[in-house]
Amino acid sequence: MNQAKKYRKYYEALDLIGCKHVSTPRQIKNGTHVFRLPFKDAWNHDIDFATYESGYVRKICKVGYAPCYQINQTRKIKAHFQKIEDGIHAGFYRRRWSYTERVLIPGNGDRLEYLFNYIVRNYFKAKPKYGNIDMDMLNRCAKWSHGEFGFDTCDSDTQDYILKSLQ
């Protein structure tokens, strides 16, 4: 699928989940596309994401409580020796330590696909607070918070209360 068709498909998908395209004309001219989620964060600020022509995808924070950060995937680069090509140290080698670098996404449609999948995975799927809920966890909650012998011995209202508190 070529990039234009993929871009159109995921642009419409973002529109369906309520994301707005809020780029300024200057940003569009530079190849940056900014999308805003239909809800606000815990501090009542807008949640914006941007895709850049350079291959980066970032979450944008416009206030001082958190910086903007990249959401591209990363890969580890192992330590190696690098030859110095110019300057007074030409011909010598220097050691590059292990580091992490971002994997750039070259296509515009691919960047929008990655952004859509990130938003759906992190903002639209329900996640339980305490990981996987099993019978041992339910029995412990019934015993410690309600004084029952187990989850099965609780009445239905208490069972509903315990299940809601764990989700």
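Condition check: in a loop (DSSP other than H, G, I, E, B) and either in contact (Cβ under 8 Å) with a residue 60 or more places away in the chain or buried (at least 16 other Cβ atoms within 10 Å of the Cβ) (or both). Does residue 44 satisfy that?
Answer is no for this residue.
For the range 73-83, indicate whether the set of residues that are closer than 21 Å to residue 120 by Cβ and either of a type outside the set (Ser, Thr, Tyr) or surrounded by 15 or more Cβ atoms within 10 Å (Cβ to Cβ) (or both) is non-empty.
yes
Might you check whether a residue that is surrounded by fewer than 18 Cβ atoms within 10 Å (Cβ to Cβ), assigned by TED's automatic domain parsing to the domain that holds residue 22 and among the charged types (D, E, K, R) occurs anywhere in the range 54-62?
So far as the range 54-62 goes, yes, one or more of its residues are surrounded by fewer than 18 Cβ atoms within 10 Å (Cβ to Cβ), assigned by TED's automatic domain parsing to the domain that holds residue 22 and among the charged types (D, E, K, R).
So, in the range 1-29, how many residues would count as being without any contact (Cβ under 8 Å) to a residue 24 or more places away in the chain and exposed (fewer than 12 other Cβ atoms within 10 Å of the Cβ)?
Matching residues across the range 1-29 total 7.
Considering (1) surrounded by 10 or more Cβ atoms within 10 Å (Cβ to Cβ); (2) modelled with pLDDT under 90; (3) within 27 Å of residue 40 (Cα to Cα); (4) among the aliphatic types (A, V, I, L, M), say which one residue 115 fails and leave the rest.
Exception for residue 115: condition (2).
The values are calculated or read from the model by the stated rules, or taken from the named source; none is laboratory data. From a predicted model like this one, the values you see are computed outputs, not experimental measurements. As a convention, Cβ positions derive from the backbone with ideal geometry for all residues, glycine included, and neighbour counts pool all protein chains shown.
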